[in-house]
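Quick notes on the structure that follows.
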Amino acid sequence: MSDRLDNEVSTRRVTFRSVVAALLEIALIFGVFAAYGAWPVPDVNEQYYVGKAIHFWNNDWLGHDPFLNTPDSHWLFYAVFGLLSLVFKQNALVWVGRSVVWLATAIAWRRLSRAFFPQRWVAVLTAAAFAFYLESFHLAGEWIIGGVEGKGLAFPFVFWGLACFIEGKYNRAWILYGIGAAFHVLVGGWAVLASLFVWALDALRRPQNLSSGEAYSRFKTFWRKLLETASGLLIGGAISLLGVVPALKLDVGATAAEIVQSRQIYVFERLSHHLVASSLPWTFLVRFGGLVLAFGIAWLISAMLARLALGSNDAPGALEDRRYFRLKAFVVVSLLFACAGLVVDWGSIYLEKIGKIADHKLSAGILRYYWYRLSDWAVPFGLVFLLGRSVFDLTTYLRARRQSSAETSSTLVGQALVWLACGCGVYWGLRSFFCRIARRVAASSAVDGLIPLPKPTEAVSFITSIGVLGCALLILLVFLAIRSRKTKELQAPTWITTGLAVWLAVLALFAPCWRLATFVDLRGTKVIPRSAPPKESIADGWIDVCHWCRDNTPEKAIFLVPRGCDSFKWEAQRAEAGSWKEIPQDAKSMMLWYKKMKQFYANPGADPKSPNYWNQPLVGVFINKGRDAVLQEAKEYGYQYAIVEAPPYVVATIPEALKRWNEFDENDKVYQNDQFVVLKFDQAP
């Protein structure tokens, strides 16, 4: 019976009105995504991916740039998206690409949302809630709505495939996942692995009419289902080779030692903020743990509310139950993957501490696969749709009790206000608590008397406060369930259901809309590209110096620029000797890249484990090295120009530092504004 329900095809009458409504709904979802992702060009990864795509079809565009000439790991993205570069100029290319990605994601998200809720306009609310939770509570920096890159074209196919998978249309799902993996092998690959686990669990579930002793029949059914879905797996796997093969070719020609070392550089030196949970700020771990707790509470409350709605004609049927089983299993499997990454991470550190292994960085070969990427978006996805089901069940229950309830509308509003006041009190109390902890941790992390700013605590405070409220409501519902265990239906006082309504409204509506409003308000102020220097006060000087270089230096000039100024290639149209942001993907190029990064940006004489090893301004590194060493370095690595920060006032108080800077100032300076200085190196020692 359930198999037949899974494969039902609903026949909806398509009318002009329904088409217009669908287009308007997609437009509203597009607007939500634009509010989150419409940052000035270029965004943090766009110089990397879009630059590679332009160079893919036009090798003359900065053809002498070392990074652009390294092997391509996202071949299909560069080949497809790069075609647009033959028509559009850079900034227009990015906005066209963003629009395509947001539109495709909006269409796919509407399809995914309607797999759970066929009602109109619900997809707009679920999109806003999903974007909010993903942006505010991620563990390892995963994002979906933003600039143009490979995963931007992968996620629409993954979402559409997930919708088909939730509905039991497995062959379609595998093919769509395969297309997603072709654009970004890890985005599609993790979705396939999680879905395979869920598919196996679903296929092995014992039908209600099958006795527990008929194990042979169960496995016979399992193999029959496997054969039915094998064609989709094979086709999807074949398509995914467009993403898998370029990734496998990256290590060709490298020695085993180079491969091991390059992976350690990739995981522990460059991308630890995505791959190594032990290196993440404590607030990231706490807030994601709170989100997982909220998902668990939402799961339990949705189960309790399903009991409240029991007996109603609107209660979820077998088909919907199967869909929510797949939803919850998908999220749980993603969390198991994340736990595996945590075990490898902290386990290797522990084994090194007790002397079982020589270096915990040997785990880089495993950690490099982004074990937290799937759970970062799967948990918000699961939370949003469980919240949606809870809203549906709560509405069903309240509608059924409306006639028999003695409470008036004013009484319900009063109860809601009391719950909201209690929630606000809990929130501000927890926010103050977490702020004090953050300041204490920051003070203990002071280096040379400098206290780093505490990490934001808004997300941690919010998720903890709603978690406390949700736990209180859950305990009350469990207590009532125990009392009514002898009855067929669970009865709950309206003051509890009113509290649930407030809790659900805050999670599913108020918080996402508040975040959208802040982003929309931000667009009305001066916003700088997120790839520009992090301080807005020097962004104008950065753009000015980039444009000066574009207009006053040879096209084939190569520059060295400060670490963290990631938009130089975009703004100045000039090549870079190396960029911290632009790490190559193949082992040999990665080794050379890291050697250059240490040569260019590491503070001479500093301890590699010290925060000052990488965080010294480039002007400070130049002063520490001296002019002769910098000239020799420029000759060795082939850069003719350097952009450095204007020297701070403290340089004038140190005679030796002032003397060294004056050598650069008198011999090499060709341009200066209030924030940056351009140096040209004509001679080598």
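The values are calculated or read from the model by the stated rules, or taken from the named source; none is laboratory data. Please read these numbers as outputs of a predicted model, since none were measured by experiment. We place every Cβ from the backbone using ideal geometry, glycine too, and count neighbours over all the protein chains shown. When the accessible area is computed, the model is the full protein with side chains, heavy atoms only, and any ligands, DNA or RNA have been set aside. Shrake-Rupley method; radii C 1.70, N 1.55, O 1.52, S 1.80 Å.
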What is the percent carbon and sulfur in the accessible area of region 100-214, measuring with a 1.4 Å probe over the protein chains and ignoring ligands?
65
In nm, to one decimal, how far is the modelled label at Gln672 from the one at Leu23, with both set 7 Å along Cα→Cβ?
5.9
Hey, can you find the accessible area per residue of region 251-297 for me, probe 1.4 Å, expressed in square angstrom?
39
Rounded to the nearest whole Å², what accessible area per residue is found for region 152-203 with the 1.4 Å probe?
25
Length released on extending from Tyr613 to Ala421, taking residue separation times 0.36 nm less the Cα-Cα span
64.3 nm
State the dimensionless ratio Rg/Rh of region 117-249 (Rg: radius of gyration of Cα atoms; Rh: Kirkwood radius).
1.05
Starting from the Cα of Glu228, move 7 Å in the Cα-to-Cβ direction to define the label point; list residues of region 153-194 whose amide nitrogen is under 13 Å from there.
168-172
Stretchable slack from Phe219 to Glu258, in nm (0.36 nm times residue separation minus alpha-carbon distance)
9.5 nm
Using r as the Cβ-Cβ distance of Thr15 and Glu555, and R0 as 56 Å, what FRET efficiency do you calculate, to the nearest 0.05?
0.45
Please give the residues of region 611-625, grouped as numeric ranges, whose backbone N is less than 14 Å from a label point set 7 Å along the Cα-to-Cβ vector of Glu636.
625
Plugging the Cβ-Cβ distance of Val245 and Leu658 into 1/(1 + (r/R0)^6) at R0 = 56 Å yields, to the nearest 0.05, a FRET efficiency of 0.50
Give, in nm to one decimal, the length gained when the segment between Asp682 and Arg172 is fully stretched (0.36 nm per residue of separation minus the Cα-Cα distance).
177.5 nm
On the protein heavy atoms, probe 1.4 angstrom, tell me the percent of accessible surface of region 497-649 carried by carbon and sulfur.
54
Label point at Asn59 placed 7 Å out along Cα→Cβ; residues across region 242-280 whose backbone nitrogen lies under 13 Å:
none
Rounded percent of accessible protein surface that carbon and sulfur make up, region 228-272, 1.4 Å probe:
68
Computed label-point distance, nm, for sites Trp346 and Ser432 using a 7 Å Cα→Cβ extension
3.1
